[in-house]
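Down below is the structure, laid out as structure tokens.
Just so it is clear, none of the values below were taken in a lab; they were calculated from the coordinates. Just so we're clear, the structure is a prediction, and the values are computed from it rather than from any experiment. Cβ coordinates were reconstructed from backbone atoms using ideal geometry, including for glycine residues, and neighbour counts include every protein chain displayed.
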């Protein structure tokens, strides 16, 4: 899944669950569940650090969408609500962050988490079926749109 998908679904989860500890745990579980669905990735095990501009663009898009919704819905005055949304975002990205730390910063103690995380994916890392192409993006598109609709229309805030 692209990071924008995880960001929006984590924000939607955080916006609808009042307990930040539950949001943290459920956001990690949601990330893992989403990664079991067939999807493409724009980075793979052969990606180099210089390709991380893609991550920066993805993060910027996802965080900008959530920020725009927060302003549009006028949620700035509710600190608990914003904390839960932020918690959902942070922990929905956490599994990918641990993979980054393992792969690019050699934090080898994270290998069990990285192996578990990669094992959840339908297709092997580097497989053509995991390439970032429109035909591999159905679930990303569906979850992103559902999360956007949920944040815009179904959150009490």
Using alpha-carbon coordinates alone, the radius of gyration and Dmax of the chain in Å work out to 15.5, 46
Between the helical axis of 3-16 and the dominant principal axis of the chain, each derived from Cα atoms, what acute angle in degrees is found, rounded to the nearest 10? 30
Taking r as the C-beta separation of residue 37 and residue 77 and R0 as 30 Å, the FRET efficiency to the nearest 0.05 is 0.25
For helix 53-72, what angle does its Cα long axis make with the longest principal axis of the chain, in degrees from 0 to 90 and rounded to 10? 10
Between residue 21 and residue 107, what FRET efficiency follows from the Cβ-Cβ distance if R0 is 25 Å, with the result rounded to 0.05? 0.50
Using the alpha-carbon atoms, what tilt in degrees (0 to 90, nearest 10) does helix 20-35 show relative to the longest principal axis of the chain? 40
